[in-house]
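Scroll down for the structure; my scribbles are underneath it.
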Amino acid sequence: MDHAATTDVDPDVIDAMLPYFRHYYGNPSSLHSFGAKAAQDLEDSRLKVAKGINARPEEIIFTSGGTESDNLAIKGIAYKNSRQGKHIITSKIEHPAVLNTCRFLEKKGFEVTYVPVDNSGIVNIEDLKDSIRTDTILISIMHANNEIGTLQPIDEISKIAKTNEVYFHTDAVQTVGKIPIDMEKIDVDLMSLSSHKIHGPKGVGALYIKKGVSIEPILHGGEHERGIRSGTENIAGIIGFAKAFELATSNLENNSKKMLKLRNHLIESVKKRIPESYLNGHQTKCLPNIANLRFSFIEGESIVLMLDMKGIAASTGSACSSKNLKASHVLESIGLQPEVSHGSIRFSLGKDNTLEEVDYVVDSLETIIKKLREMSPIAKM
Amino acid sequence: MYSKKVMDHFTTPRNVGEIEDADGIGEVGNPSCGDMMTIYIKVNDGILEDVKFKTFGCGAAIATSSMITEMAKGKTIEEARKITRDDVANELEGLPAVKMHCSNLAADALNSAIDDYIKKNKD
Ligand SMILES: Cc1ncc(COP(=O)(O)O)c(C=O)c1O
Ligand SMILES: [Zn+2]
């Protein structure tokens, strides 16, 4: 139940990848036939990923994953357009790959506005509009949040970006395979994708760059990926990513419907059976697979540890289990005081989870929460 | 991440609860980490006859509170005073470096319960 962190690699994906370690280890840049085969397969993979989001293959640049895609998009636009302006707008609840890239750019002379969100995690559109300046060059707002699953109104945001002639980047790492994405229908300039959240291998992903949008590379070298991302391509990884992408996008409707049913069942059962439990995020404007639940009077790490002993994987935004001892910036941004955000647990479902598993989670939670509250000096029950 | 001993004290904590007619109560909290702890002591003839705790916190916080109650029980006030966070961590076969701050709390809470007892017995 921790599929937003990462997923197992689909056996079909592994089967697709294996020959690229054993037999087809050619370098796509080589002139001989080994290289030609690799080059051809690389382009086939690009086509598959493009098809999954109704984009053109030349709009897909393979990278080492979501983090690199976010870096490439934001730095790439910033460096390319710094003469037009040095102002960037993002939100307070972005993934660290975006937030820390923006903080880095602040040190390099750029200015960044971090737009707040409401208590369900949706970006405040009026604040966004108000923060646009004549020197704004980029808006980067994630499609769906990885901690609470809230979906952003990216249609509306893209219109604001277009009206003001500002580039729009979105991190769609969590949305692929969960929410249909059609690049003909949404006006996004750059979009980050990652493989390991959709049963593909780790360390590979892509950046969609709309035709006509030009960015500055951040990796310089042998001019791979049309000079935008140098480095000999991770062929096996890309083959696996493309296969996972194909599977995720072609089964999207069934998988999403199933996960949404399980998510809602989880939320309803928990709220019914466990007093003082709440949903963090938005009831309906959300990913079908994430339920971030909050339990008063207790702390998240101890819940996660006890769930783990029952064979259930989940994660927490609790300060005590984080590297910097700070409560989650996302939970703080939706208005939760640290004392209450400590008791928040993220469950993220996968396509293969079952109703029985969800019921087992709820049974386990009921016991665990009761036990921890009996130990808690602040529980008033 | 945690030693077997920590997990043991975390899953089956000793001496959980309150002491109704406690002779001393120590309450400490660390909002930056999210751990809060209350320790109750019952003193007889200068000896900690009973020690109980209630903790809101992570695995390390719960395990250290459980461990310190076990270590302090039966000791004299002077002996109990000498228990340091390192003693508790050692008894637990070590704590991850990032969790050292949580383990401070248990020794602090015990000390503050003893302070409370001494203050009450002055009047
Ligand atoms: C929203 C979001 N963006 C970016 C990333 C980073 O992706 P990757 O692990 O492929 O670098 C993640 C995953 O942790 C994520 O959830
Ligand atoms: Zn702690």
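The values are calculated or read from the model by the stated rules, or taken from the named source; none is laboratory data. Just so you know, these numbers come straight off a predicted model, no measurement behind them. Virtual Cβ from ideal backbone geometry, glycine too; neighbours counted across all protein chains shown. The accessibility values were calculated without ligands, DNA or RNA, using every heavy atom of the protein model including side chains. Shrake-Rupley method; radii C 1.70, N 1.55, O 1.52, S 1.80 Å.
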What is the sum of charges, Lys and Arg at +1 and Asp and Glu at -1, for the other residues whose Cβ falls under 10 Å from the Cβ of A:LEU151?
+2
Given the pairs A:LYS37/A:LYS211; A:LYS261/A:LYS351; A:LYS371/B:LYS52; A:LYS202/B:LYS4, which are separated by over 22 angstrom at their Cα positions?
A:LYS37/A:LYS211; A:LYS202/B:LYS4
Residue of A:GLY300, A:GLY343, A:GLY85 that the Gaussian network model of chain A assigns the largest fluctuation, springs spanning Cα pairs under 10 Å:
A:GLY85
Which of the three applies to chain A, rounded, prolate or oblate, going by the alpha-carbon gyration tensor with a ≥ b ≥ c and a/c under 1.5 meaning rounded?
oblate
What are the ³J(HN,Hα) couplings of the stretch A:207-216, residue after residue, when phi is run through the Karplus curve with 6.51, -1.76, 1.60 and θ = phi - 60°? Round to Hz, x for glycine and proline.
10, 7, 10, 4, 3, x, 8, 10, 10, 8
Please give me the summed charge of the neighbours of A:ASP118: other residues whose Cβ is under 12 Å from its Cβ, Lys and Arg +1, Asp and Glu -1.
0
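Suppose R0 equals 41 Å; then what is the FRET efficiency for A:ASP182 and A:ASP308 from their Cβ-Cβ distance, rounded to the nearest 0.05?
Details: r = 39 Å, r/R0 = 0.95.
Calculated value: 0.60.
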Considering only B:THR38, B:THR76, B:THR55, give the residue with the highest GNM mean-square fluctuation for chain B, with springs between Cα atoms whenever their separation is below 10 Å.
B:THR76
Anything in chain A that counts as a DSSP H helix reaching 20 Å or more along its axis (C-alpha) with Kyte-Doolittle mean of at least -0.5? List them, would you?
A:235-250, A:355-375
Tilt, helix B:100-122 to longest principal axis of chain B (alpha-carbon atoms), in degrees rounded to tens, equals 0 degrees
Would you mind checking the stretch A:65-94 for residues with the amide N under 12 Å from a putative spin-label position 7 Å along Cα→C-beta of A:GLU165?
A:84-85
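Determine the shielding of peptide A:368-375 by partner chains: average, over its residues, the number of Cβ atoms on other chains within 10 angstrom of each Cβ. Numbers along the way, then the final one.
Values: counts 0, 0, 0, 3, 4, 1, 3, 11.
The mean count of partner-chain Cβ atoms within 10 Å per residue comes to 3.
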How much accessible surface does B:LYS5 have with a 1.4 Å probe, in Å² rounded to 10?
60 Å²
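Taking the Cβ-Cβ separation of A:ILE378 and A:ARG133 as r and a Förster radius of 60 Å, what is the calculated FRET efficiency to the nearest 0.05? Could the numbers behind the result be given before it?
Values: r = 45 Å, r/R0 = 0.75.
The formula returns an efficiency of 0.85 here.
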Modelled label-to-label distance, B:GLU78 and B:THR11, 7 Å Cα→beta-carbon offset: nm?
4.1 nm
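With Cβ to Cβ distances under 9 Å as the rule, what net charge do the other residues near A:LEU287 carry (K, R +1; D, E -1)? Could you put the intermediate results ahead of the total?
On the way: positive: A:LYS178, A:ARG263; negative: none.
For residues surrounding A:LEU287, the net value is +2.
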Nearest 5 percent is fine: what portion of the DSSP beta bridges confined to the protein assembly as shown is antiparallel?
70 percent
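With a 10 Å radius around each residue's Cβ, average the other Cβ atoms per peptide and rank A:21-31, A:2-12, highest first.
Working: A:21-31: 13.2, A:2-12: 16.9.
Ranked from most to least packed, the peptides come out as A:2-12, A:21-31.
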Loop sites only, by DSSP: take the GluC sites (Glu not before Pro) in chain A that have at most 13 other C-beta atoms within 10 Å and name the longest stretch containing none of them.
A:1-164
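Would you mind calculating the gained length between A:HIS220 and A:ASN119 on full extension (0.36 nm times residue separation, minus the Cα-Cα distance), in nm to one decimal?
Values: separation 101, 0.36 × 101 = 36.36 nm, distance 4.19 nm.
Fully extending the segment from A:HIS220 to A:ASN119 adds 32.2 nm.
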